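Colleague: To start, I am sharing the structure in question, which I have written as structure tokens.
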Amino acid sequence: MIVDTPLLIVTDLVKEFNDGETSTTVLNGLSLSLYRGELVALLGPSGSGKSTLLSILGTLMRPTSGRFEMLGFNLIGARDVDLTEFRNQHIGFVFQAHNLLPDFTALENVMFPAATRKGRETSVDRRRATELLDKVGLADRRDFPASKLSGGQKQRVAVARALMNSPDLVLADEPTGNLDRESARRVMDLLIDLNGTDGTTFLISTHDETIAGQCRREIRLLDGRLARERH
Amino acid sequence: MTYSFKVALRYLASNRAQTALLIAGVAVGVYIFVFMSALIGGLAVLLLNRTVGNIAHVTIQAPDRDPVSLYGRDSGTLVAILKSVQQRTTLQSAAAFLPTIEAIPNVTSVAGVVAGNGFLTKGEAIAPVIVTGVEPDQVSAIANVAGNLVAGSGDLTIGKALIGSGLAKTMGLRVGQRVSIRSERNIDATLLIGGVFSLGVSSVDDGAIYVHLRTARVLFELPDGVSRLEVKLDDLRLAPDVARRIANTTGLKSIPWTEKNEQLLNGLVAQARSGDVIKGFALVTIVIGVASALLLSTYRRQSEIGIMRAMGATRRFVVGVFMIQGGLIGLAGGLLGAGLGYLSLLPFPLPEATSSTGLPIAIGEGAYGTAILLTFIGAIFAAIWPASAASRVDPVKVIGP
Ligand SMILES: Nc1ncnc2c1ncn2[C@@H]1O[C@H](COP(=O)(O)OP(=O)(O)O)[C@@H](O)[C@H]1O
Ligand SMILES: [Mg+2]
């Protein structure tokens with residue numbers, strides 16, 4: 001029997017926000033394991049802490065307490081520079097909005113994670129970015145300025161960019177939240193397809209049950225922890 | 001580095017109007033810098049030319065003669081040494097030194113003069129004068145007498161005299177008249193006024209009279225040797241150095257013009273300093289302008305910066321993007337301002353040729369390179385704050401829904 005070790009393990013995660021007098025506990029002892037190749041929906045009403053959890057898992061935010069290991073690295077005590085490098089190599093992001101750099105073309109946006117790491121845009125990366133744009137159905141928009149793309153197109157470029165450095169985990173925070181029904185469906189189909197063909201691990205937050213229904217695993221945030229899972 | 005450069009350039013290009021305005025603002029500051037440098041430099045040239053142009057840059061005199069002590073050194077007695085005031089200090093062997101001095105770099109001419117005080121009389125009128133005797137071909141070696149004649153000619157044959165315009169006026173003298181001179185050694189001579197000059201320096205114009213060297217030898221009972229050697233240089237700022245060199249090679253006492261014109265020098269230094277203050281303000285304006293523009297830009301672009309950081313861009317990368325923007329703005333503004341400065345200064349005449357109402361502009365003193373370099377450094381300095389602010393942007397806070 002093959003025992004699969006989790007890609008990521010968080011244990012007893014607590015996140016409090018202290019704004020002077022008031023203190024809000026958003027995550028309160030949350031534990032979670034993600035495995036390679038999973039497609040997971042993170043459900044929860046607005047304000048339940050979905051974005052907070054994704055920010056912590058994406059090394060953009062440090063938890064108040066708890067343990068967080070990914071790929072064997074303990075990410076709790078890591079230095080900022082190391083987290084930045086880790087993020088660049090192992091994590092891809094798709095945000096709800098404001099995803100792209102408006103002064104750069106679709107291709108340049110996709111290449112960004114590689115270019116910022118290498119200090120230049122290589123022809124190898126250009127080829128890979130072109131392939132990724134093709135994969136998300138935007139080969140013909142390759143040299144369009146990001147600001148000239150439609151909302152759905154922007155999100156698909158963002159998906160391509162998230163995959164640029166072949167990450168181990170893609171975190172998508174309500175990626176379809178700002179899209180119309182048709183565009184949202186296309187983006188979701190794309191994510192499901194990429195998960196199926198490339199085996200990329202996705203964690204997608206949403207408050208839309210139908211979207212969550214398309215994912216193989218659903219986790220639900222409730223009072224700062226995960227509710228019992230439905231399999 | 002290459003990639004930060006690309007991002008920086010893209011940011012500058014994306015808002016052309018704002019970038020152009022910013023560069024123009026920097027260029028104005030640089031223009032002021034260049035203009036002030038050229039003006040202060042021009043003023044200095046003008047003042048130096050007006051005051052130092054017609055005097056010797058280095059004056060060579062015989063060493064002071066101290067009487068020899070009659071007491072032994074080890075006698076334990078204190079010896080008061082009296083400086084001789086009875087003896088005249090003359091350069092007996094001046095001619096021997098001439099080739100040596102003329103061979104020293106930056107020396108353009110050397111003239112031996114026999115000079116002294118005297119009185120000029122015409123009828124009842126009497127006026128004290130300074131008599132300078134020179135070889136006829138050297139009359140304009142130090143002061144441009146021949147070039148500043150208001151009447152007569154500059155020929156200095158024996159028996160002729162050239163007198164200052166102020167002196168001519170107070171004594172009512174004209175070219176062709178005869179005057180008597182009595183020297184400080186009580187010797188008289190009658191001379192024909194051959195020319196009247198006006199150097200624009202009242203101390204000279206009101207009391208100087210040039211005569212043939214041989215006339216002066218008679219007047220001051222100096223059959224050989226000279227009172228002093230007067231040296232002119234191609235760059236009057238080098239006077240102290242050249243004077244030291246002359247003293248070292250000849251053992252003669254050499255006095256640079258700077259020693260007798262401390263006030264003028266102090267004035268020039270003060271003038272340069274006030275120019276520096278204005279230039280400093282121009283630089284401060286540039287720094288503030290660039291800093292505020294970049295700070296605004298980091299604010300406008302914070303969500304983009306957040307995205308970049310989320311994609312794994314390092315703080316250093318973000319710092320680089322904004323520092324490079326600052327540097328590019330500084331360089332472009334510096335080149336533009338210095339270039340326009342140079343072009344706009346081209347029509348100005350040389351400071352020497354400036355009319356009394358015009359601005360004395362020395363186009364060569366524009367300090368263009370310094371202006372560009374300081375602006376470049378200043379703009380990079382100005383970018384430090386915005387760049388570090390940008391690098392501290394928290395992606396979580398700026399990537400909202
Ligand atoms: N920086 C912050 N300071 C204080 N409170 C915050 C901060 N970020 C998020 N919160 C609070 O944490 C809670 C969860 O927010 P969020 O993770 O964005 O929820 P979701 O993404 O599920 O809508 C909300 O109540 C929000 O007000
Ligand atoms: Mg959210």
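The values are calculated or read from the model by the stated rules, or taken from the named source; none is laboratory data. What you are looking at is a predicted structure, and each value in this text was computed from that prediction instead of being measured. Cβ sites come from the backbone with ideal geometry, for glycine too, and all protein chains shown count toward neighbours. Just the protein is used for accessible areas: all its heavy atoms, side chains included, with ligands, DNA and RNA removed. Shrake-Rupley method; radii C 1.70, N 1.55, O 1.52, S 1.80 Å.
Colleague: Test residue A:76 against the criterion of being touching a residue at least 12 places away in the same chain (Cβ under 8 Å), touching a Pro at 6+ places or on another chain (Cβ under 8 Å) and facing chain B (nearest Cβ under 10 Å), and give yes or no.
Modeller: The answer is no for residue A:76.
Colleague: May I ask you to say which residue of A:180, A:208, A:173 is away from ligand 1 (no atom under 16 Å from the Cβ) and of a type in the set (Asp, Glu)? Talk me through it step by step, then tell me what you get.
Modeller: Details: A:208 fails: away from ligand 1 (no atom under 16 Å from the Cβ); A:173 fails: away from ligand 1 (no atom under 16 Å from the Cβ).
Testing whether each residue is away from ligand 1 (no atom under 16 Å from the Cβ) and of a type in the set (Asp, Glu) leaves just A:180.
Colleague: Is it fair to say residue B:203 is assigned to a strand (DSSP E or B), open to solvent by 10 Å² or more (accessible area, probe 1.4 Å) and farther than 22 Å from residue B:62 by Cα?
Modeller: So residue B:203 does not fit the description; no.
Colleague: Something else: Does residue B:21 satisfy the condition of being at pLDDT 85 or above and surrounded by fewer than 15 Cβ atoms within 10 Å (Cβ to Cβ)?
Modeller: Details: at pLDDT 85 or above: yes; surrounded by fewer than 15 Cβ atoms within 10 Å (Cβ to Cβ): yes.
In short, yes.
Colleague: Among all residue pairs at least 6 apart or on different chains, which show Cβ distances below 7 Å where the first residue, located in the range B:380-401, is within 14 Å of another protein chain (Cβ to nearest Cβ) and more than 18 Å from residue B:317 (Cα to Cα) and the second is assigned to a loop (DSSP other than H, G, I, E, B) and modelled with pLDDT of 95 or more?
Modeller: Sorted first by the residue in the range B:380-401, then by its partner, the pairs are B:396/A:60; B:396/A:61.
Rundown of residues vs (1) at pLDDT 95 or above; (2) away from ligand 2 (no atom under 16 Å from the Cβ); (3) surrounded by 13 or more Cβ atoms within 10 Å (Cβ to Cβ), yes/no style:
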{"position": "A:2", "(1), (2), (3)": "no, yes, no"}
{"position": "A:10", "(1), (2), (3)": "yes, yes, yes"}
{"position": "A:13", "(1), (2), (3)": "yes, yes, yes"}
{"position": "A:16", "(1), (2), (3)": "yes, yes, yes"}
{"position": "A:27", "(1), (2), (3)": "yes, no, yes"}
{"position": "A:37", "(1), (2), (3)": "no, yes, yes"}
{"position": "A:46", "(1), (2), (3)": "no, no, no"}
{"position": "A:55", "(1), (2), (3)": "yes, no, yes"}
{"position": "A:61", "(1), (2), (3)": "yes, no, yes"}
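Listed here are the residues, each with its yes/no results for (1) open to solvent by 40 Å² or more (accessible area, probe 1.4 Å); (2) polar (S, T, N, Q); (3) touching a His at 6+ places or on another chain (Cβ under 9 Å).
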residue: B:351; (1), (2), (3): no, no, no
residue: B:364; (1), (2), (3): yes, no, no
residue: B:368; (1), (2), (3): yes, no, no
residue: B:375; (1), (2), (3): no, yes, no
residue: B:378; (1), (2), (3): no, no, no
residue: B:384; (1), (2), (3): yes, no, no
residue: B:398; (1), (2), (3): no, no, yes
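Colleague: May I pose another question? Considering each of B:237, B:217 in turn, give the residue that is at pLDDT 85 or above and either open to solvent by 40 Å² or more (accessible area, probe 1.4 Å) or not assigned by TED's automatic domain parsing to the domain that holds residue B:158 (or both). Step through it out loud before you land on a result.
Modeller: On the way: B:237 fails: at pLDDT 85 or above.
Selected residue: B:217, the only one of B:237, B:217 that is at pLDDT 85 or above and either open to solvent by 40 Å² or more (accessible area, probe 1.4 Å) or not assigned by TED's automatic domain parsing to the domain that holds residue B:158 (or both).
Colleague: Now a separate question. Quick check: anything in the range B:96-115 at pLDDT 75 or above, touching a strand residue (DSSP E or B) at 6+ places or on another chain (Cβ under 7 Å) and open to solvent by 60 Å² or more (accessible area, probe 1.4 Å)?
Modeller: There is at least one residue in the range B:96-115 that is at pLDDT 75 or above, touching a strand residue (DSSP E or B) at 6+ places or on another chain (Cβ under 7 Å) and open to solvent by 60 Å² or more (accessible area, probe 1.4 Å).
Colleague: Would a scan of the range A:206-219 turn up a residue that is within 18 Å of residue B:307 (Cα to Cα), crowded, with 20+ Cβ neighbours inside 10 Å, within 16 Å of ligand 2 (Cβ to nearest atom) and hydroxyl-bearing (Ser, Thr, Tyr)?
Modeller: Within the range A:206-219, the first condition is being within 18 Å of residue B:307 (Cα to Cα), and the residues that meet it are none.
No: the range A:206-219 contains no residue that is within 18 Å of residue B:307 (Cα to Cα), crowded, with 20+ Cβ neighbours inside 10 Å, within 16 Å of ligand 2 (Cβ to nearest atom) and hydroxyl-bearing (Ser, Thr, Tyr).
Colleague: In the range A:87-104, what residues are more than 7 Å from every other protein chain (Cβ to nearest Cβ) and crowded, with 18+ Cβ neighbours inside 10 Å?
Modeller: Passing the criteria: A:90, A:91, A:92, A:94, A:100.
Colleague: It is to be established whether one or more residues within the range A:186-200 are part of a loop (DSSP other than H, G, I, E, B) and within 16 Å of ligand 1 (Cβ to nearest atom).
Modeller: no
Colleague: Something else now. Restricting attention to the range B:297-324, report how many residues are over 19 Å from residue B:379 (Cα atoms) and either outside the structural domain of residue B:18 (by TED's automatic domain parsing) or of a type in the set (A, V, I, L, M, F, W, C) (or both).
Modeller: Going through the range B:297-324 one residue at a time, the tally reaches 6.
Colleague: Could you list, in sequence order, the residues of the range B:312-326 that are open to solvent by 10 Å² or more (accessible area, probe 1.4 Å) and facing chain A (nearest Cβ under 8 Å)?
Modeller: If the condition is that a residue be open to solvent by 10 Å² or more (accessible area, probe 1.4 Å) and facing chain A (nearest Cβ under 8 Å), then B:314, B:315, B:317 are the ones that fit.
Colleague: Hey, another quick one. What's the total number of residues in the range B:189-248 that are among the β-branched types (Val, Ile, Thr) and more than 17 Å from residue B:133 (Cα to Cα)?
Modeller: Going through the range B:189-248 one residue at a time, the tally reaches 3.
Colleague: Kindly establish whether residue A:32 is buried (at least 22 other Cβ atoms within 10 Å of the Cβ) and of a type outside the set (Lys, Arg).
Modeller: no
Colleague: If you check B:283, B:340, B:346, which single one turns out to be hydrophobic (A, V, I, L, M, F, W, C), crowded, with 18+ Cβ neighbours inside 10 Å and under 22 Å from residue B:370 (Cβ atoms)?
Modeller: Details: B:340 fails: crowded, with 18+ Cβ neighbours inside 10 Å; B:346 fails: crowded, with 18+ Cβ neighbours inside 10 Å.
Sole residue among the options that is hydrophobic (A, V, I, L, M, F, W, C), crowded, with 18+ Cβ neighbours inside 10 Å and under 22 Å from residue B:370 (Cβ atoms): B:283.
Colleague: Something else about it: When both residues are 6+ apart or on different chains and their Cβ atoms are under 7 Å apart, which pairs have a first residue that lies in the range A:37-61 and is within 19 Å of residue A:163 (Cα to Cα), and a second that is near ligand 1 (Cβ under 8 Å from one of its atoms) and not aliphatic (A, V, I, L, M)?
Modeller: Cβ pairs passing all conditions: A:54/A:173; A:54/A:205.
Colleague: Of the conditions (1) on the phi < 0 side of the Ramachandran plot; (2) touching a Pro at 6+ places or on another chain (Cβ under 7 Å), residue B:312 fails just one. Which one is it?
Modeller: That leaves (1) as the condition not met.
Colleague: Here's something else I'd like to know. Select, from B:294, B:343, the only residue that is without any contact (Cβ under 8 Å) to a residue 40 or more places away in the chain and in the same structural domain as residue B:11 (by TED's automatic domain parsing).
Modeller: None of the others qualify; the one that does is B:343.
Colleague: If you don't mind, there's one more thing I want to ask. Of all residues in the range A:109-138, which are facing chain B (nearest Cβ under 9 Å) and either charged (D, E, K, R) or farther than 17 Å from residue A:93 by Cα (or both)?
Modeller: Answer for the range A:109-138, where residues must be facing chain B (nearest Cβ under 9 Å) and either charged (D, E, K, R) or farther than 17 Å from residue A:93 by Cα (or both): A:117, A:118, A:119, A:120, A:121.
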